[in-house]
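Q: Got a structure here, written out as structure tokens. Questions coming.
The values are calculated or read from the model by the stated rules, or taken from the named source; none is laboratory data. Only a predicted model underlies this, so the values are computations on that prediction, with no experimental measurement involved. Backbone-built Cβ (ideal geometry, glycine too); neighbour counts: all protein chains shown.
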Amino acid sequence: MSAFLPETILNWLPDAIQLVYLVATGFFIRGVKLLNSPGTARKGNQFAAIGMMIGVIVTLFDQKIVEFELIVGGIVIGGLIGLLLAKKVQMTAMPELVAVFNGFGGAASALVAWGELARNPDILSFDTTGLVSIGLSVFIGALTFTGSFIAFGKLSGFISGNAITFPGLNVINIGAMIATLGLIGYFAYDPTNPTLFWVILGISLLIGVTSVIPIGGADMPVVISLLNSYSGIAAAMAGFVLQNNLLIVSGALVGAAGLILTNIMCKAMNRSLVNVIFGSFGAAAGGAGASGDGDKTVRETSAEDLAIQVAYASKVVIVPGYGLAVAQAQHIVKEVATKLESRGVQVKYGIHPVAGRMPGHMNVLLAEADVPYDLLKDMDEINPEFATTDVVLIIGANDVVNPLAKTDPTGPIYGMPILNVDEAKRTIVFKRSLSVGYAGIDNPLFYAEKNQMFFGDAKKSLQALNEALNEV
Amino acid sequence: MEVDLTLLLFIFALASFIGFELIAKVPPTLHTPLMSGANAISGITIVGALIVAGSLGNPLGKWIGFAAIILATINVVGGFMVTDRMLEMFKKKEDEK
């Protein structure tokens, strides 16, 4: 678009573009900052979107860009697909969608580096920095791409959520990563052999698969968060290839933010990142302790009985988990809560940091069902309140309320912060069966004297409760 | 145009520090929208894709750039829109009729 500008402007155009990039960066930083608080988050996202628009528009004035057919075509096609996906997706499928978008972002960065290499007729015109950046960009971008799609497959059930692994896989993965870095070094030293590039691309794609396959389905949120960080770093690397400040700054911003977020999630699960990536935790523990001892007794409740209990309570806390998300029961939960509130019962929601299918997912689902966010209490806020709570409804959650996390130092979840539901006067567990949770261990809460089980599908059970409440 | 590598690394490091600082205190409620919003920002690679697809050179490189534009645009448009859709639903109690 620079062709339309008079010569005098062209002289300072490159500097002007850099300054506008700085403005775009400002919008990104301000946007992420505003995303930190529920009241301003929507504005923050819009700020970031404006920053992106500014960055794209000003780039079109770059004097290197002389042809626009492919640009217009690409933006129209990509924009329509993005629009469609964003409008159609169910809120419960949000983790899958984030994984897909993330994969596309990584792939795009790898393609930018590869395209820049292929576009240039003389490969020797790249300096060492350029070649190393191309190599790293392809490496990180490609593994983000395949890794994200494996994560997508695990989240959507196309691929078994179990940890698929064999002894030595971790060693092979680490070896392959080191080998790839070595190859990138050699590629920078001697870029004339085209096979080398293909080998780097191929191994990178494979590493994405083999490093995510051994990680269990419940750890996918951490994986996606980490891959999100990688996609940022890949974009920054593409920025080094093109010596573009906007790419470097924004990519680094996302890369760092993603790492922090990953760390927060690991802490919530009381696991180190190394343990998530190399632990294959779900595979080893599965089955152990699954058989409950015969002498444990379980108290069962019915919809009618439960309706009376909650209707005459003064304070009810709802603890939703993965099972509620899977059953898509968020709307019916809200209906039950509304009925209780109209009777003067105080209703709050206690949300464990890793409840749902990705961190914060439960909050989104309940927001979709019109539950105001100030009723959604974080673990630290709700834990002191259980002592004064009459009934806790635990819907589709298991490990996050398992007292063994506090009492059994040998157990796999020992030390994980949990919701202290056992301090409440009564707990009700909505569950299909007495089966174990992801950690593969029995939950003593089910057999506690204060606890009652309400067996069945979360959604159907809540519907029954909702109807029974009309009769009370 | 020769740019000093040290300067680029400097910028990269500073931006990373800002990223660390910005996220440190985010409430769990916003983890999902934050992740999807940050994910949309990583679609910034679209700027690189525009340069590759629009510059002169070997047609293969330009078509690769074209593919990059499509994928990056899906990431950007879809990411920002779906984040907006999520955040639109976050309401305080007073906001209810």
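Q: Please go through (1) small (Gly, Ala, Ser); (2) buried (at least 24 other Cβ atoms within 10 Å of the Cβ); (3) free of Cβ contacts under 8 Å to residues at least 12 places away in the same chain for A:Ala355 and return the number of the only condition it doesn't satisfy.
A: Of everything listed in (1) small (Gly, Ala, Ser); (2) buried (at least 24 other Cβ atoms within 10 Å of the Cβ); (3) free of Cβ contacts under 8 Å to residues at least 12 places away in the same chain, A:Ala355 misses just condition (3).
Q: Next up: Filter the range A:367-383 down to residues that are part of a helix (DSSP H, G or I) and more than 9 Å from every other protein chain (Cβ to nearest Cβ) and give me whichever is surrounded by the fewest Cβ atoms within 10 Å (Cβ to Cβ). Walk me through how you get there before you give the answer.
A: Quick first cut of the range A:367-383, residues part of a helix (DSSP H, G or I) only: A:367-368, A:373-375, A:379-383.
Imposing the further condition that a residue be more than 9 Å from every other protein chain (Cβ to nearest Cβ) reduces the set to A:380-383.
Details: A:Asp380: 10, A:Glu381: 13, A:Ile382: 22, A:Asn383: 17.
Restricting to residues being part of a helix (DSSP H, G or I) and more than 9 Å from every other protein chain (Cβ to nearest Cβ), the top hit is A:Asp380.
Q: How about the range A:118-134: which of its residues are at the interface with chain B (Cβ under 7 Å from one of its Cβ atoms) and in a helix (DSSP H, G or I)?
A: A:Ala118, A:Arg119, A:Thr129
Q: Filter the range A:8-45 down to residues that are farther than 15 Å from B:Ile41 by Cα and aromatic (Phe, Trp, Tyr), then give me how many there are.
A: 1
Q: Sticking with this structure for a sec: If we only count helices (runs of 4 or more DSSP H) wholly inside the range A:196-287, which ones have 3 or more residues that are within 11 Å of chain B (Cβ to nearest Cβ), buried (at least 23 other Cβ atoms within 10 Å of the Cβ) and modelled with pLDDT of 80 or more?
A: A:220-242, A:245-268
Q: Also, quick follow-up: If a residue has to be within 15 Å of A:Thr297 (Cβ to Cβ), at pLDDT 85 or above and assigned to a loop (DSSP other than H, G, I, E, B) to count, how many in the range A:411-467 make the cut?
A: Taking the range A:411-467 as the starting set, the residues that turn out to be within 15 Å of A:Thr297 (Cβ to Cβ) are A:429, A:434, A:442-453, A:455.
Still in the running and at pLDDT 85 or above: A:429, A:443-453, A:455.
Of the ones still in play, those that are also assigned to a loop (DSSP other than H, G, I, E, B) are A:443, A:448-450.
Of the residues in that region, 4 qualify.
Q: Could I ask something else about it? Among the numbered conditions (1) more than 7 Å from chain B (Cβ to nearest Cβ); (2) in contact with a His (Cβ under 6 Å, 6 or more places away or on another chain), tell me where A:Pro359 comes up short.
A: (1)
A quick yes/no check of all residues on (1) assigned to a helix (DSSP H, G or I); (2) within 10 Å of another protein chain (Cβ to nearest Cβ); (3) in contact (Cβ under 8 Å) with a residue 24 or more places away in the chain:
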residue: A:Asp15; (1), (2), (3): yes, no, no
residue: A:Gln18; (1), (2), (3): yes, no, yes
residue: A:Ile29; (1), (2), (3): yes, yes, yes
residue: A:Val32; (1), (2), (3): yes, yes, yes
residue: A:Lys43; (1), (2), (3): yes, yes, no
residue: A:Gln63; (1), (2), (3): no, yes, yes
residue: A:Leu83; (1), (2), (3): yes, yes, no
residue: A:Pro95; (1), (2), (3): yes, yes, yes
residue: A:Val98; (1), (2), (3): yes, yes, yes
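Q: Select from the range B:42-61 the residues that are out of contact with any Gly (no Cβ under 7 Å at 6 or more places or on another chain), more than 14 Å from A:Gly105 (Cβ to Cβ), at the interface with chain A (Cβ under 7 Å from one of its Cβ atoms) and part of a helix (DSSP H, G or I) and list them in ascending order.
A: Listed by number, the residues that qualify are B:Leu50, B:Ile51, B:Gly54, B:Leu60.
Q: Could you tell me whether any residue of the range A:143-151 is in the same structural domain as A:Gly251 (by TED's automatic domain parsing), closer than 26 Å to B:Ala49 by Cβ and not in a helix (DSSP H, G or I)?
A: no
Q: Moving on to the next point. Do the conditions hold for A:Ile75, that is, is it crowded, with 17+ Cβ neighbours inside 10 Å and over 21 Å from B:Ser36 (Cβ atoms)?
A: On the way: crowded, with 17+ Cβ neighbours inside 10 Å: yes; over 21 Å from B:Ser36 (Cβ atoms): no.
Answer is no for this residue.
Q: Which residue is farthest from the chain's Cα centre (by Cα), if the candidates are limited to the range A:323-335 and must be surrounded by fewer than 24 Cβ atoms within 10 Å (Cβ to Cβ) and assigned to a helix (DSSP H, G or I)?
A: Among residues in the range A:323-335 that are surrounded by fewer than 24 Cβ atoms within 10 Å (Cβ to Cβ) and assigned to a helix (DSSP H, G or I), the one farthest from the chain's Cα centre (by Cα) is A:Glu335.
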